[in-house]
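The values are calculated or read from the model by the stated rules, or taken from the named source; none is laboratory data. As the structure is a computational prediction, the values presented were derived from the model and not from experiment. Quick reminder, even Gly has a Cβ in these numbers, built from the backbone with ideal geometry, and neighbours come from all protein chains shown. Note: accessible area is taken over every heavy atom of the protein model, side chains too, but ligands, DNA and RNA are not part of it. Shrake-Rupley method; radii C 1.70, N 1.55, O 1.52, S 1.80 Å.
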Amino acid sequence: MTDRPHVLLLGGTSDARRLAAELDAAGSGLRVTSSLAGRVADPRLPAGEVRIGGFGGVPGLVDWLREHRVAAIVDATHPFAAVMSRNAALAAAETGTPLLALRRPAWTPGPGDRWHEVGSPAEAAALLTELGRRVFVTTGRGELAAFTASPELWYLIRSVDPPEPADLPPHHELLLARGPFDLAAERETLRRHRIDVLLTKNSGGPATAPKLLAAREAGIPVVLRRRPATPPGVPEVPDVPDALRWLDRLPSR
Ligand code: NAP
């Protein structure tokens, strides 16, 4: 079965796991390798073949694509995994490999939302001091120190694995948890910790959206990091069915 076109699926998201499951089902006609960065201690593994760990920048990825005779890449990484997405675009261009970005749509504000969109963690940190005192932080471990740079604020920090101790602000509580989180639980988290501002990233998708609804209901302002752009020239689809249609049309099939 080694003659099946080989697809590299850059993952770490629920959409990537859904796509891997669809492709792993009998009859897809493709060989799929899912790739994870290895950041999370106990990751949810996708169906089918999986490799874990960085490739070693663009040169390492180029070598990997050639060595494993990859016919197409689907970049289904998180919208904020901008380095991996850029590396994928450069390596795809260098090797002539078709590349698709699977990106769930960004969240958009509705009536009653008090959103403040920012371009950087430093901008977010500066704005927080104007908006509240007790911050619910759901930005993940990356750049946490920059997001929580105002020492006078108290932070409730939710992440899957514990952040580095050096990245933690002086006044905080850690909440180790993995989504999805439902609306009732998010309401309770805001209430119990007397949260008066929410700090998050515009990840999009349903699994972590209820916190935004809970913030709206409670009239709590939200500081939201704007997502980075997809590398230029890379076609983008919003969901798994569209990604499957793109793979169906691969010239190598
Ligand atoms: P990043 O900053 O864009 O990437 C940093 C480096 O990590 C890349 O240069 C690459 O190393 C390696 N890497 C990233 N994704 C990889 C993958 N799927 N397979 C193999 N290597 C990968 O990435 P990040 O923001 O730290 O995200 C890491 C992973 O966590 C991604 O898979 C992403 O989907 C997932 N994730 C990220 C977030 C977030 O908010 N950023 C949230 C949820 C899940 P080399 O240069 O050595 O190849």
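A few comments on the model shown:
- Across the chain, Cα pairs under 8 Å and at least six residues apart give a relative contact order of 21 percent.
- Of the accessible area of the stretch 18-165, computed with a 1.4 Å probe over protein heavy atoms only, carbon and sulfur atoms account for 53 percent.
- Highest-MSF residue in the chain out of D63, D167, D42 [GNM, Cα springs under 10 Å]: D42
- Euclidean distance of C-alpha centroids, the stretch 1-43 and the stretch 150-171, integer Å: 33 Å
- Given charges at beta-carbon only (K, R positive; D, E negative), |dipole| of the stretch 115-225 in Debye: 300 debye
- The slack between L244 and L213, meaning 0.36 nm per residue of separation minus the straight C-alpha distance, is 8.1 nm.
- Relative contact order, whole percent, for the stretch 115-225 stands at 34, derived from Cα pairs under 8 Å and 6 or more residues apart.
- Cα-only Debye scattering, the chain: base-10 log of I(q)/I(0) at q = 0.08, 0.13, 0.15, 0.16 Å⁻¹: -0.35, -0.85, -1.05, -1.15
- FRET efficiency for D42 and A21, using Cβ-Cβ distance with R0 set to 30 Å, rounded to 0.05: 0.95
- For the stretch 115-225, the Stokes-Einstein estimate of translational diffusion at 25 °C and a viscosity of 0.890 mPa s comes to 179 µm²/s, using the Kirkwood hydrodynamic radius over alpha-carbon pairs.
- Across the alpha-carbon set of the stretch 1-114, the Rg to Rh ratio works out to 1.01, Rh being the Kirkwood radius.
- The charge dipole of the stretch 1-160, taken about the Cα centre with unit charges on the Cβ atoms of Lys, Arg (+1) and Asp, Glu (-1), comes to about 280 debye, rounded to the nearest 20.
- The peptide list 101-108, 4-11, put in order of mean Cβ contacts within 10 Å with the highest first, becomes 4-11, 101-108.
- Accessible area per residue for the stretch 69-158 is 41 Å², calculated with a 1.4 Å probe on protein heavy atoms, without ligands, DNA or RNA.
- Hz values of 3J(HN,Hα) by residue in the stretch 49-54 - Karplus curve (6.51, -1.76, 1.60), Gly and Pro given as x: 5, 9, 10, 10, x, x
- Fully extended contour minus Cα-Cα distance, from D63 to L175, at 0.36 nm per residue: 36.3 nm
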